[in-house]
Amino acid sequence: MARVLVVEDNPQLARALVINFQARDYGVDAGPDGATALRLAAERQPDVILLDLGLPDMDGVNVIKGIRGWSRVPILVLSARQASDEKVAALDAGADDYITKPFSMNELLARLRAAVRRAEDASPTPETTLVETDDFTIDLLAKKLVRDGRDVRLTPTEWHLLEVLTTSAGRLISQKHLLQEVWGVSMSNKTNYLRVYMARLRRKLEKDPSHPRYLITEPGMGYRFEA
């Protein structure tokens, strides 16, 4: 079974989560603060991280950014914060899903399984780690995009979206599928997120973003990457 890292400063909730995961044969590590989370993420290499945002030593968004500097491990935020800008900040930093407290254990387990499954399915195969076009080169393994001889910086969310599209080059990927893959099941109807991020990618990849050559929109259906 997968190994879970629980980052929660409420000892009662942390204990309940650990007990529930252990009862289902998950390996579990737990930490009460951001510093411990960063250390355990590096040492234990979990398959998925459950992260509270309101930690005593640092904001959970900073923990996400720290982990995203070197890992694509799925991160599920567990938080009492319900403001949309708080959710956007966590997702933009690289969180895979956002679950508002209080939550049901069955829903949490379902989302955890989905996040782990997406991570496994999204792992680039050796045949698709390097994407070369007339205008740019994408190294998915090294997380490197080169255009006109210069490195182009992408955010973790932009990288994830580009990975999903390029590893299925030529195929139409539905809006719902892209949203679930990149932002999680709870965001599957937030098509405005997708429009914003596709516009960002086009500005960074396309010679003429208003007439894209590589990132193609199929109106009302989804998007396709054409190499």
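Observations, loosely collected:
- Summing charges over neighbours of LEU145, with a neighbour being any other residue whose Cβ is under 10 Å away from its Cβ, gives +3 when K and R count +1 and D and E count -1.
- Angle between the chain longest axis and helix 105-122 axis [Cα atoms, degrees, rounded to 10]: 40
- Degrees between helix 34-44 axis and first principal axis of the chain (Cα, 0 to 90, nearest 10): 80
- Of the residues ASP134, ASP85, ASP151, the one that moves most in a GNM of the chain with alpha-carbon contacts below 10 Å is ASP134.
- Ligands, DNA and RNA left out, the 1.4 Å accessible surface of the chain is 48% carbon and sulfur atoms.
- Proximal lysines to LYS65, defined as alpha-carbon separation beneath 21 angstrom and excluding residues fewer than eight positions away on the same chain: LYS87, LYS143, LYS144
- For the chain, the relative contact order works out to 13 percent when only alpha carbon pairs closer than 8 Å and six or more residues apart are counted.
- Of the chymotrypsin sites (Phe, Trp or Tyr not before Pro) found in segment 48-127, the ones in coil according to DSSP and having at most 16 other Cβ atoms within 10 Å of their Cβ are TRP70, PHE103.
- Of the labelled figures [x] 55, 34, 30; [y] 63, 35, 33; [z] 53, 47, 32, only one reflects Cα extents along the principal axes in Å as derived from the coordinates, namely [x].
- Choice from PRO102, PRO212, PRO156 with maximal GNM fluctuation in the chain (Cα, 10 Å cutoff): PRO102
- Shown here for segment 1-107: trypsin sites (Lys or Arg not before Pro) in loop regions (DSSP other than H, G, I, E, B) with at most 14 other Cβ atoms within 10 Å, namely ARG24.
The values are calculated or read from the model by the stated rules, or taken from the named source; none is laboratory data. Just so it is clear, the model here is predicted, and its values are computed rather than measured. Glycine also receives a Cβ, built like all others from the backbone with ideal geometry; neighbour counts cover every protein chain displayed. Ligands, DNA and RNA are stripped out before the accessible areas are found, and what is left, the full protein with its side chains, is counted by its heavy atoms. Shrake-Rupley method; radii C 1.70, N 1.55, O 1.52, S 1.80 Å.
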